[in-house]
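Contents: one structure, followed by commentary.
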Amino acid sequence: MIYPIVAYGTPILKVVAKDVDLKDPELKDLIANMFETMYNANGVGLAAPQIGLSKRIFVIDSGLILEEDAEEEGIKQAFINAHKIEEQGELWSYTEGCLSIPNISEDVIRPSEITLRYFDQDLVEHEKTFTGMAARVIQHEYDHIEGKLFTEYLKPLKRRMLKRKLNKITKGDVKGIKYRMKFPAK
Ligand code: NI
């Protein structure tokens, strides 16, 4: 099942999401549907708040944005009840986009590594450090379950310049989106 993706300005995108009950029998279906929704929108990551659920779940498939000659392997995985332990490594800039903020992409500076504790889709607990593109995608999606969007990293001037575009997204005044969205002010 493909969910509509909620747009910038939807209040749930600003809420710190809650841990889920690992015994919830619907968890497996939800994760399968999140992957389906992500692939349908050509995304490399999707977090539960983006489909209107305040749950600490996100899915990623970092292989989709790796260069052909990349040395790292793509990671396709669900992260359930993820909690960050630390971010470390050199800062680096990468152009990020977001399915909730269509047609906008900006450079964001983040540390190169993230360590977090989480459960995978088989409900096995891990504490693991990720690097490279996997780390970048995880950091972006982890922010979603903390109620944070990549636009919050931009310099004030840049944010002011984007304000009109962002307001338009909130109102549903956007063209060329090939997946279903839900707009807060439409
Ligand atoms: Ni996003």
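The values are calculated or read from the model by the stated rules, or taken from the named source; none is laboratory data. Keep in mind that what you see is a predicted model, and the values were worked out from it rather than measured. Because the Cβ atoms are built from the backbone with ideal geometry, glycine has one as well, and the counts that use them run over all protein chains shown. For the accessible areas, the whole protein counts, side chains as well, though only heavy atoms, and no ligand, DNA or RNA atoms are used. Shrake-Rupley method; radii C 1.70, N 1.55, O 1.52, S 1.80 Å.
Miscellaneous remarks
- Relative frequency of Cα-Cα separations exceeding 16 Å in segment 80-186, percent: 64
- Farthest toward positive dipole pole in the chain [+1 Lys/Arg, -1 Asp/Glu at C-beta], among Val44, Gln88, Pro4: Pro4
- The coefficient of translational diffusion for segment 1-79, derived via Stokes-Einstein from the alpha carbon Kirkwood radius under 25 °C and 0.890 mPa s, stands at 183 µm²/s.
- Per-bin percent of Cα-Cα distances, the chain [5 Å]: 1, 8, 16, 21, 22, 16, 10, 4, 1, 0
- To put it simply, the accessible area of the chain at a 1.4 Å probe is 49 percent carbon and sulfur.
- Total charge dipole magnitude, segment 54-100, about the Cα centre, Cβ charges on Lys, Arg, Asp, Glu only, Debye to nearest 20: 620
- Extension gain for Ser105 to Ala185 (0.36 nm times residue separation, less C-alpha to C-alpha distance): 26.6 nm.
- Average accessible surface area per residue within the chain, 1.4 Å rolling probe, Å²: 54
- Each 10 Å bin from 0 upward holds the following percent of the Cα-Cα pairs of segment 49-127: 15, 38, 42, 5.
- Remark: segment 1-80 carries a charge dipole of roughly 680 debye about the Cα centre, counting +1 on each Lys and Arg Cβ and -1 on each Asp and Glu Cβ.
- Calculated FRET efficiency for the pair Thr95/Lys175, C-beta based, R₀ 30 Å, to 0.05: 0.90
- At most 16 other Cβ within 10 Å, DSSP loop - trypsin sites (Lys or Arg not before Pro), segment 16-123: Lys23
- Heavy-atom accessible area order for His126, His144, His83, largest first, 1.4 Å probe: His83, His126, His144
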